[in-house]
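Written below as structure tokens is the structure these notes are about.
Computed from the coordinates by the stated procedures, all read-outs in this text should not be read as laboratory data. Here the structure is a predicted model, which means the values were calculated and not measured. Using ideal geometry, Cβ is built from the backbone for each residue, glycine included, and neighbour counts are taken over all protein chains shown.
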């Protein structure tokens with residue numbers, strides 16, 4: 001049961017992005033600009049991270065651990081999300097929703113906060129275009145819809161919202177699928193680091209085609 005709630009605006013100015021940010025490493029979890037990501041925060045150091053973010057910029061950097069490292073290193077590129085909604089449960093967990101703001105490159109890992117969560121120096125400059133919604137690209141209507149249908153059929157997943165999906169703008173559709181589809185860590189990272197929406201479409205379409213060929217109901 002929730003006993004407190006807080007709603008926040010998700011607007012953010014590029015020039016106001018902080019030079020340092022707390023990071024939340026999670027495998028197979030990415031965030032992209034303008035996409036919302038719900039999170040259940042229960043570990044003490046990440047509850048402290050959430051409290052610190054709420055008291056400052058409300059930004060948290062989502063990054064993936066590098067599977068080829070010792071478990072502590074992360075990929076260099078992540079995406080910051082702004083806490084748009086926040087509630088606390090009776091058992092002390094935080095339920096938050098992040099809305100993707102902008103990607104960043106980690107230039108240096110700082111000493112952990114006194115409460116244990118990790119902090120980094122962030123370089124936002126390569127991703128200034130993340131603030132510009134892509135309204136021109138519309139290459140996902142036919143090919144992507146057909147690939148998505150084949151993928152869901154192979155996964156034995158039923159969808160009755162095809163008309164609604166077809167009416168979603170291309171950027172939102174591709175970004176949402178990139179975030180929610182259960183790809184492997186490195187595949188997720190490739191989608192995150194795509195330099196443009198057309199490049200992300202190409203990667204996503206390839207991943208869905210491969211999954212549709214290789215995976216079936218037994219993958220559940």
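Where only DSSP H runs of four or more residues are counted, the chain gives -9500 deg cm²/dmol as its mean residue ellipticity at 222 nm, each run worth -39500 (n - 2.57). What is the helix-to-structure angle for 170-180, meaning the angle in degrees between its Cα long axis and the longest Cα principal axis of the chain, kept from 0 to 90 and rounded to the nearest 10? Result, in degrees: 70. Per residue, the average separation of C-alpha pairs within less than 8 Å and at least 6 apart gives the chain a relative contact order of 23 percent. Our estimate of slack between residue 73 and residue 115, defined as 0.36 nm per intervening residue step minus the Cα-Cα distance, is 13.2 nm. One equal scatterer on each Cα of the chain, no solvent, Debye formula: the resulting log10 I(q)/I(0) at q = 0.10, 0.19 Å⁻¹ is -0.48, -1.42.
Against the longest principal axis of the chain, how steep is helix 143-154, in degrees 0 to 90 to the nearest 10, with axes from Cα atoms? Helix 143-154 sits at roughly 90 degrees to that axis.
Here the relative contact order of segment 143-219, from alpha carbon pairs under 8 Å that lie six or more residues apart, stands at 53 percent. Largest GNM mean-square fluctuation among 155, 49, 62, using the chain with Cα springs under 10 Å: 155. Comparing 64, 161, 36 in a Gaussian network model of the chain, where Cα atoms under 10 Å apart are tied by springs, the biggest mean-square fluctuation is seen for 161. Compute the acute angle (0 to 90°) between the alpha-carbon long axis of helix 197-214 and the principal axis of greatest extent of the alpha-carbon atoms of the chain; round to the nearest 10°. Once rounded, the angle reads 70 degrees. Projected label points at residue 34 and residue 214, each 7 Å from Cα along the beta carbon direction, are separated by 3.1 nanometres.
Which percentage, to the nearest 5, of the DSSP beta bridges contained in the chain is antiparallel? About 90 percent, rounded to the nearest 5.
Taking the chain as a Gaussian network of alpha-carbon nodes connected by springs under 10 Å, the highest mean-square fluctuation of the residues 78, 61, 92 belongs to 92.
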